[in-house]
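Have a look at the structure below before the remarks.
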Amino acid sequence: MSLEDLIQGCIRQKSSSQEALYNMYKNTLFVLCLKYCQNEAEAEDNLHNAFIEIFTNIKQYKGNGSFEGWMKRITINKAIDSYKKSYQLTPIGDKTFPDTEIEEQELDEYSLDYILSLVQALPNQYRLVFCLYELDDYSHAEIAEMLNISTGTSKSNLHRAKMILKEQIKANTPVHNINMRYGK
């Protein structure tokens, strides 16, 4: 069955089409959820909420751009919405910081799971900005609009996220110490 057939089946609310679409994209979207969530349980909740939104609004997909990209935007927006409800994203000022790059050779010796665990352990506002900017290529202006913060706050949150990650990678500190050190 083609993707177009699955989409049409989902529009008609055929459970077999919904199940097939879910099975086709659940792993891709779950990995996306893991970037924005603190743990697997939270990622599973976000994935569930994203698929509800996808199935509810699938008739609004007009075929412009990639269907997978459309679903990813919904998934990211669901993660952001959950943080807006659960956490106060506090602006921390408009100071600009020099860019903090993590050298690739520093990352080569660590597993993807370890690096993902470091990202997941970042304080919420830092994790959101880091993932949106570094992993999903949103601009600071777009992030600021999505999170209702200034572009300067977005930049400083990114800088602080990178500083935390760089410290953790250099120290090779166990993940549970991140939260204690940064007051989470």
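Structure notes:
- Residue in region 132-148 that is closer than 26 Å to residue 23 by Cα, at pLDDT below 80 and either within 17 Å of the chain's Cα centre (by Cα) or not assigned by TED's automatic domain parsing to the domain that holds residue 32 (or both) present: no
- Among helices (runs of 4 or more DSSP H) entirely within region 1-89, having at least 1 residues that are among the acidic types (Asp, Glu) and within 21 Å of the chain's Cα centre (by Cα) singles out 40-57, 67-86.
- Residue identified as at pLDDT 95 or above and more than 28 Å from residue 123 (Cα to Cα) among 23, 64: 23
The values are calculated or read from the model by the stated rules, or taken from the named source; none is laboratory data. Predicted model, so just to flag it, every value in this text is computed and none were measured.
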